[in-house]
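Take a look at the structure set out below.
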Amino acid sequence: LHNRVSHVDEGAIAENSYYFLKTGQVNADQLTGYFQGAGPKQLQYHKLFVLTGALFVKIFGYSIYTFKFISLIFFLLFIFFLVKYINLKNFQYQNNNKLFVFLILLANPNIFFYSFLFRPEIMVMSLGFINFYFLIKGLETNKKSYIALSGIFSGLAFLTHMNGVIFCLSGFC
C-alpha cells in the first residue's frame, strides 16, 4: 500500500464517505461540473461501499491508506471463500489444479491494481462470489438457510454497485 499513486476516483469516493460521516448525506464537490447531479446532496453513489468507507474513517481515521485497506480486506475475504469453494466435497480438485486456479487469479494484473484501490470492484467481486458459494452450498446440502445467505450477499453486491444486479438476476434464474 505504501507509495502507491492515488486514482482520481479514490478522492471522489473518499469525499463521499467523508461527507456521509460528517453530515449524513453524500456530497461530491470534486465532481461538480463534470456530470449532471454531482455536487451537494448526491443521490447516485456506491451506497454500501461509501458507507463502508465512512465506517473505516470513523474507526481508523481519514487517510488514503484507510480507504485502500478496504479493498485489500475484501480481496482477502474473496481468497478465503475461494479456498472454501475449492475444498467443497463435490468440487475436489487435485493439488495441481488448486495451484492453477491461484496462478490464473494472480497472473491477472487487474487483481493487484484494484485490490489496493478504493473502488467498489473488488467488494462487488467478493460479495458476488460469496453469493455464488452459498448458492452452490445450498443446492448441494438442500438447506434453505444457505440459499437465504446467497440472496443476502447478492443484495449486498447490488447495494455496493449497480453491476451487482447480475448476481440478483442469476440467483433468481
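The figures follow:
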| read-out | value |
| --- | --- |
| Pick from the stretch 117-144, criterion open to solvent by less than 70 Å² (accessible area, probe 1.4 Å) and free of Cβ contacts under 8 Å to residues at least 40 places away in the same chain, ranking: nearest to VAL8 (Cα to Cα) | GLY128 |
| Single match in GLY155, GLY171 (criterion: open to solvent by less than 70 Å² (accessible area, probe 1.4 Å) and more than 30 Å from GLU10 (Cβ to Cβ)) | GLY171 |
| Qualifying positions in the stretch 52-63 - in a helix (DSSP H, G or I) and in contact with a helix residue (DSSP H, G or I) (Cβ under 7 Å, 6 or more places away or on another chain) | THR52, GLY53, ALA54, PHE56, VAL57, LYS58, PHE60 |
| Candidate set from the stretch 80-97 (those that are outside any loop (DSSP other than H, G, I, E, B) and exposed (fewer than 10 other Cβ atoms within 10 Å of the Cβ)); member that is modelled with the lowest pLDDT | ASN90 |
| Pairs with Cβ under 8 Å, 6+ apart, first in the stretch 44-70 and at pLDDT below 90, second in a helix (DSSP H, G or I) | TYR45/ILE13; TYR45/ASN16; HIS46/ILE13; HIS46/ASN16; HIS46/THR160; ILE64/GLU10; ILE64/ALA14 |
| The listed residue being closer than 21 Å to TYR18 by Cα and over 11 Å from the mean Cα position of the chain (by Cα), out of TYR85, TYR62 | TYR62 |
| Pairs, first over 14 Å from MET125 (Cβ atoms) in the stretch 159-173, second open to solvent by 50 Å² or more (accessible area, probe 1.4 Å) and part of a helix (DSSP H, G or I), C-beta under 8 Å, six or more apart | LEU159/LYS47; VAL165/PHE158; CYS168/PHE158 |
| Any hit, the stretch 98-114, residues being touching a residue at least 12 places away in the same chain (Cβ under 8 Å), at negative phi and either small (Gly, Ala, Ser) or exposed (fewer than 12 other Cβ atoms within 10 Å of the Cβ) (or both) | no |
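The values are calculated or read from the model by the stated rules, or taken from the named source; none is laboratory data. Just so it is clear, the model here is predicted, and its values are computed rather than measured. Cβ sites come from the backbone with ideal geometry, for glycine too, and all protein chains shown count toward neighbours. Ligands, DNA and RNA are stripped out before the accessible areas are found, and what is left, the full protein with its side chains, is counted by its heavy atoms. Shrake-Rupley method; radii C 1.70, N 1.55, O 1.52, S 1.80 Å.
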